[in-house]
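Notes to accompany the following structure.
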Amino acid sequence: MKEKDKTKEDLFPEHEELDHKLANGALKESEYFYRNLFESSLDVIVLIDEAGNVVDINPRGEKLLGYPRSKLLGMNVFENLIIPEDHHIIHKVILEASEGRNSFYNVRYRTKGGEIIHFDGGTEGRPGF
């Protein structure tokens, strides 16, 4: 095989492994950045699934709502957190997010202590949720 006919894999067999290591490193760095931002944000960040179950919540959300993270994970926002008069807002937000549209909203949550607090929120729509 002539030199000019060789692929980069022929010339650099370690190239694929190096690409994999670089991609892994970039992914770990991105995950670290996201987790640090999520954990240290002064804003409440709550991730819910299509049914309204809490998938993740940051420490600021725990503090304002008065529940420990372990209790909040899996909790349904419709049954436990958002006041019934605002359920339609979150249903609309979930629908818009599943269609890939962004939403901005204001809803009222009830804390563990019974206090009602207002949340201004927004989503970045992602098709397929």
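The values are calculated or read from the model by the stated rules, or taken from the named source; none is laboratory data. Quick caveat, the model's predicted, so the values are computed rather than measured. Ideal geometry is used to build each Cβ from the backbone, glycine not excepted, and the neighbour counts take in all protein chains shown.
Some notes on this structure:
- Flag for V44 being β-branched (V, I, T) and not in a strand (DSSP E or B): yes
- Applying the condition of being exposed (fewer than 13 other Cβ atoms within 10 Å of the Cβ) and at pLDDT 95 or above to segment 77-97 and asking which residue is nearest to D56 (Cα to Cα) yields E79.
- Residue satisfying condition, being assigned to a loop (DSSP other than H, G, I, E, B), in contact (Cβ under 8 Å) with a residue 12 or more places away in the chain and surrounded by 12 or more Cβ atoms within 10 Å (Cβ to Cβ), within set G61, G100, G113, G74: G100
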